[in-house]
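Colleague: Here it is, the structure, as structure tokens.
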Amino acid sequence: MISLTIDEKKIEAPDGATVLEAARLAKIDIPTLCHDPRMKPHGACRLCIVDIAGLPRPVTSCTTPATEGMVVTTVSPRLERLRKTTVELLLSDHPNDCMVCIKAGDCTLQELAYKYAIRESRFKGAVRQHNRVDNNPFIMREQDKCVLCGLCVRVCDEVMGVGAIGYANRGFESDICPPFKNELNCEFCGQCVSVCPTGALSAKMWAGQPRLEGVNTTETTCTYCGCGCNLTLHNHGNKIVKITSRSDNHNRGWLCVKGRFGYEFINSPDRLTTPLIRREKGGKLEPASWDEALGLVVAKMSAIKKEHGADAIGGLASARCTNEENYLFQKLMRAGIGTNNVDHCARY
Ligand code: SF4
Ligand code: SF4
Ligand code: SF4
């Protein structure tokens, strides 16, 4: 452990921690746009600047290692003025679009503009023009809202190992895009959407859906596979309008394309809402109550067991169930029916 002083507070931080990490451990808030603790520090946005005793000018706290005896100041009129100027410069080239932006209410840039009370940027000049790109089923890109934090490029490279997007051009012309400005052709996991601090990347399915008003959230577990990733369902009435995932969970907020975007089936009118029973051989499947359906299963299984023994019955569970559900299933087969014939689809 190392000891340092931040804003006149004595702090203990683990060896190797950055100044930003040490400050956050002590619940000292330093604004950032390009930082995500799940990825390597990048130092792109310059908002996390701090003063360190003995250094002539502010440094980025996300890339500066904390050292023994360091004395750090995170808030001062000069630091706040510099941070405000950085946000103003970002906003000088940003569409005034919050009223209709999909990200409003959940946008770090909007929050910073609010924090520093920036109604209008003092800086006027050329403005980048980018059309909205939504020529794939999942991801919408609005590059005129990009602050070049690089989070999307880094998550695609560092976390996904895909490298489907990168920087094109330099300086004012910089742009985040797939190689050679081709259409996005990737895993569509949406990790880039989940880390984008502005509305530059969003999900096509969110467009036109309620953003905050009347939207409730429910924590749950993804049912697509046995990884059991944490999901936060955003619902408006009976309709799921968005799925996100918390970063403090075992999946660290990362999801695959199914978990993040495969939720439209929930509101599909084609979903089965009752069990179906074929009452006559060759007949149609007809709706039944759960009591009737379960009663039929028990009667048929009991008859097979009586006539041929328990090992005439086998149970196939699913890799898409949770560990707990699979545990209960094997218990039903072994202890309830009396057979070890139990297997599932992932063990070919
Ligand atoms: S990205 Fe953020 S700041 Fe920009 S228009 Fe959307 S909500 Fe407003
Ligand atoms: S959706 Fe996933 S694979 Fe595609 S660009 Fe984004 S992070 Fe990379
Ligand atoms: S698209 Fe979003 S995540 Fe990517 S660099 Fe721009 S603002 Fe950052």
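Values in this text are rule-based calculations from the coordinates and carry no lab data. No experiment lies behind these values; they were computed from the predicted model shown. As a convention, Cβ positions derive from the backbone with ideal geometry for all residues, glycine included, and neighbour counts pool all protein chains shown.
Colleague: Please state, as a whole number in µm²/s, the translational diffusion coefficient that the Stokes-Einstein equation yields for region 189-235 at 25 °C and 0.890 mPa s, with Rh defined as the Kirkwood radius across alpha carbon pairs.
Modeller: Rounded, D is 196 µm²/s.
Colleague: With +1 on the Cβ of every Lys and Arg and -1 on the Cβ of every Asp and Glu, and nothing else charged, how large is the dipole of region 69-208 about its Cα centre, in debye rounded to the nearest 20?
Modeller: For region 69-208, the charge dipole is close to 520 debye.
Colleague: Mind checking the alpha-carbon convex hull of region 122-264 and giving the volume per residue in Å³?
Modeller: Per residue, the Cα convex hull of region 122-264 comes to 138 Å³.
Colleague: For the ranges 118-131, 204-217, what's the packing order if you count other beta-carbon atoms within 10 Å of each residue, average per peptide, and put the highest first?
Modeller: 204-217, 118-131
Colleague: What are the residues whose amide H is under 5 Å from the amide H of Val241, where those residues sit 5 or more places off or on another chain and H is modelled from the backbone?
Modeller: So Val241 has HN proximity to His234, Asn235, His236.
Colleague: While we're here: Size of region 156-215 along its principal axes in angstrom, Cα-based, largest extent first?
Modeller: 41, 28, 20
Colleague: Let me ask you something else. Based only on other Cβ atoms within 10 Å, what is the fewest-to-most ordering of Arg334, Arg141, Arg81?
Modeller: Arg81, Arg334, Arg141
Colleague: In debye, nearest 20: dipole of the chain around its Cα centre with unit charges on the Cβ of K, R (+) and D, E (-)?
Modeller: Its charge dipole is roughly 320 debye.
Colleague: Among the lysines, which fall within straight-line cross-link reach of Lys27, defined as a Cα-Cα distance under 24 Å, with same-chain neighbours fewer than 8 residues apart omitted?
Modeller: Lys9, Lys10, Lys40, Lys84, Lys115
Colleague: How would you rank 307-318, 268-279, highest first, on the average number of other Cβ atoms within 10 Å across their residues?
Modeller: 307-318, 268-279
Colleague: Here's another thing I want to ask about it. Need the C-alpha centroid separation for region 126-158 versus region 246-291, integer Å.
Modeller: First find each Cα centre; the distance between them is then 33 Å.
Colleague: Turning to a different aspect of this structure: Rank-order 72-78, 319-325 by packing density, defined as the average count of other C-beta atoms within 10 Å over each peptide's residues, highest first.
Modeller: Ranking, from highest mean packing down: 72-78, 319-325.
Colleague: Kindly state, as a whole number, the per residue volume in cubic angstrom of the convex hull around the alpha carbon atoms of region 97-206.
Modeller: 115
Colleague: Using helices alone, what [θ] at 222 nm do you get for the chain, with -39,500 (n - 2.57) per DSSP H run of 4 or more residues, divided over all residues and rounded to the nearest 500?
Modeller: Theoretical 222 nm ellipticity from helices: -6000 deg cm²/dmol.
Colleague: Calculate, axis by axis, the spread of Cα positions in the chain along the three principal axes, and write the results as whole Å, longest axis first.
Modeller: 89, 49, 40
Colleague: Report, in cubic angstrom per residue, the convex hull volume of the C-alpha atoms of region 1-95.
Modeller: Spread over its residues, the Cα hull of region 1-95 gives 101 Å³ apiece.
Colleague: Something else about it: Taking 0.36 nm per intervening residue step and subtracting the Cα-Cα distance, what contour gain separates Glu173 from Glu286 on full extension?
Modeller: 34.5 nm
Colleague: For Ile337, Ile176, which order do you get if you count the other beta carbons within 10 Å of each Cβ and list the fewest first?
Modeller: By the 10 Å Cβ count, ascending: Ile337, Ile176.
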